[in-house]
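None of the figures in this text is laboratory data; all of them are computed from the coordinates on show. The model shown is predicted, which means the values in this text are computed figures rather than measured ones. Virtual Cβ from ideal backbone geometry, glycine too; neighbours counted across all protein chains shown.
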Amino acid sequence: VSRPIGVFDSGVGGLTVLKALRQRLPSQDFIYFSDTARVPYGRKPREMVREFSREITAFLEQLDVVGIVIACNTASACALPDLREETAVPLWGVIDPGVEAACRATGSGCVGVIGTKGTIASGAYQDKLRAAGLQVWARACPMFVHLVEEGLADSEDARVLARHYLRDMPRIDTLILGCTHYPVLVPVIQEVAGAAVTLVSSAEVTAEVVAASVVRNGPSNSAGRVTHYVTGGVHAYQHTAETIGGVEGKVIPLDVTRLADAGVAVRGTPA
Ligand code: DGL
């Protein structure tokens, strides 16, 4: 039995990364952890996001994952460096892949990045993009996550908010969707940003990086399975996940206040 890869996010956003991962690794099993009881992470203190990420990482490690993808920019920005030191399995974040995607896409060298308050305030993207020699405009878009979690990605409200957040966007040729929820908003963001701006996300490059470092057990014809663990309501999760290509596989509710014990209890449940 091959060991699954763990993937986590505060909510459904990380499913955009899971989708890209499954395209690259079709026979790989995944465990997707969605912390919908505590979404959004984006406006919570850094230390709190780090603690949540630590709990989830420990939970996934108890399920014997072969590695963990932090499919959340906020958690990648706040927790990745510390967690790497504490975790026995490889951890992959989404910020370096986002930077890489922007470097590949830009011609003018002028790029933008949008994300949660936590991600933008951390300066993680800005520092890395500047180090790569690019000019950077950055903006936090805190309401975007709620639009996606509420299934309102294609709404007039989404357009109004996008116009608000991008109102003083300078001339850039590439805009990084620095939050894994944002690919769901692409039609609206593209409309407001204009056709001349290339929208890039971390999903593809993250999948590329993970696929390159995972040891495959030879070709397999069986399709990989996904088990979902959610800390919030299962129905709300399934409903929202529909907008991101659905939820194949079992969805298992977890009591977030007992996450530490939960890992031990579910261990042995086939992924
Ligand atoms: N999807 C997450 C990210 O990439 C966080 C959304 C949130 O919980 O604020 O940043």
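Here are a few things to note about the model shown:
- The string of couplings for the range 61-71 from the Karplus curve (6.51, -1.76, 1.60, θ = phi - 60°) is 4, 5, 8, 6, 6, 8, x, 10, 9, 7, 7 Hz, one whole number per residue in order, with x for Gly and Pro.
- Close amide-amide hydrogen proximity is noted between Val69 and Gly6, Val7, Phe8, Trp92, each under 5 Å apart and 5 or more residues distant or on a separate chain (H modeled in the peptide plane; Pro and chain starts excluded).
- Proximal charge balance of Ile68 [Cβ under 11 Å; K/R count +1, D/E count -1]: 0
- Long-range HN-HN contacts of Gly112 with modeled amide H, under 5 Å: Trp137, Thr174, Leu175, Ile176
- Distance in nm between pseudo-label sites at Ser108 and Ser222 (7 Å out along the Cβ direction from Cα): 5.1 nm
- Rounded to whole Hz, the Karplus (6.51, -1.76, 1.60) HN-Hα couplings of the range 121-132, x for glycine and proline: 5, 5, x, 4, 5, 4, 4, 5, 5, 5, 4, 8
- In terms of other Cβ atoms within 10 Å, Thr16, Thr243 run from fewest to most in the order Thr243, Thr16.
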